[in-house]
Ligand code: KG4
Ligand code: ZN
């Protein structure tokens, strides 16, 4: 069976085709960064309108790349949530309409589950059970994964998500949207240890996170100045080091308390090289193997939606017809 995956939860339109024999056979992505850049963040109405423009052409591109027609589609998976309501509705409406026209099953999938399963698309996929650090623009979760659909949340952010903290810090430093990758680049120019920010909630037991205090520490430090490039690079470096250390401490704790020996790093912030290196050291010291999606599948994409939906469709899951999105949807 071939599953068409449709991702429209935020500011990327992602489309992919996943086949049970050949795996991922085509994928396409349109990023709306240029559309939202001048506003300094995602404008929901513009996001929805752009998804409407992009989804069908990208589906056509994927089919032609794979040398297939719509007849080949055996199932359709789309992101039901969490995400921006209007953006999700575009994916849902197109998935349901195509499913009806092609007479094939349609399934809404959870965006964070798809992020978590993204490393399964790589040549050396992680074995169950694994521990997943899911770090995106909207979520920060430490999850123990026993199998598909078998998730135990061990820890989460009590306030800002990690990606949100990166984006807000980047904004404070005058960096353009999207802030995460820009901040990583600036941090590379900063000297380690010239400034130090707190490692929030690491001095007490548990696996939850909090990033709003770190943001305040950054704000105070920026206000203290001086307002020059060297200082901004030092702030970026100190912020990133604090985040990486915080995750390293909590991941070490989670590996020890669960005894799980596979670690997955997924979600947009998982593209951060300093974070990957920091967690690779922790995992190596604990005798655990690390699996990450390729960089393009850390951030939002259609391939992870096609894969997550394919697994569930193959297991016989079906949705009743209807356009149904869940902008807020716990994992
Ligand atoms: O998973 P994602 O593409 O979308 C959501 O589901 O939220 O994650 C986007 C987030 C943004 O906050 C972005 O700034 C952050 O991931 N991000 C990064 C990097 N690349 C993307 N943060 C830090 N370093 C990066 N290299
Ligand atoms: Zn995402």
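Please treat every number below as a calculation from the coordinates, not as lab data. This is a predicted model, so every value here is computed, not measured. Heads up, the Cβs are rebuilt from the backbone with ideal geometry, glycines too, and the neighbour counts pull from every protein chain shown.
Gain on full extension, evaluated as 0.36 nm per residue between residue 296 and residue 222 minus their Cα-Cα distance, stands at 23.5 nm.
Kirkwood Rh, region 145-243, all Cα pairs: how many Å? Could the numbers behind the result be given before it?
On the way: mean 1/r = 0.0700 Å⁻¹.
Hydrodynamic radius (Kirkwood, Cα pairs) of region 145-243 is 14.3 Å.
In this structure, residue 191 and residue 159 have a Cβ-Cβ separation that, at R0 = 30 Å, corresponds to a calculated FRET efficiency of about 0.55. Of interest is the spacing of the C-alpha centroids, which for region 22-83 and region 222-239 amounts to 38 Å. Prolate is the label for region 171-216, because a/c, from the alpha-carbon gyration tensor with a ≥ b ≥ c as root eigenvalues, is 1.5 or above and a/b exceeds b/c.
Label point of residue 329 set 7 angstrom out along Cα-Cβ; within region 69-104, amide nitrogens under 11 Å from it belong to 78-84, 88-89, 92. Counted over all Cα-Cα pairs of region 128-292, pairs farther apart than 26 Å make up 25 percent. When peptides 137-144, 198-205, 181-188 are sorted by average Cβ neighbour count within 10 Å, with the highest value leading, the order is 137-144, 181-188, 198-205. Annotation: average projected area of region 254-309 is 4.2 square nanometres, based on the convex hull of Cα atoms across all directions. For the listed peptides 280-287, 115-122, a ranking on the average number of other beta carbons within 10 Å per residue, highest first, reads 115-122, 280-287. Per DSSP H run of at least 4 residues, take -39500 (n - 2.57); add these up for the chain, divide by its residues and hand me the 222 nm value, nearest 500 deg cm²/dmol. Mean residue ellipticity at 222 nm (helix-derived): -14000 deg cm²/dmol. Taking the chain as the region of interest, what is the percent of Cα-Cα pairs per 10 angstrom bin, listed from the shortest bin to the one with the maximum distance? Percent of pairs per bin, in order: 6, 27, 32, 23, 10, 2, 0.
For the chain, averaging the sequence separation of C-alpha pairs within contact (under 8 Å, six or more residues apart) and dividing by the residue count gives a relative contact order of 25 percent.
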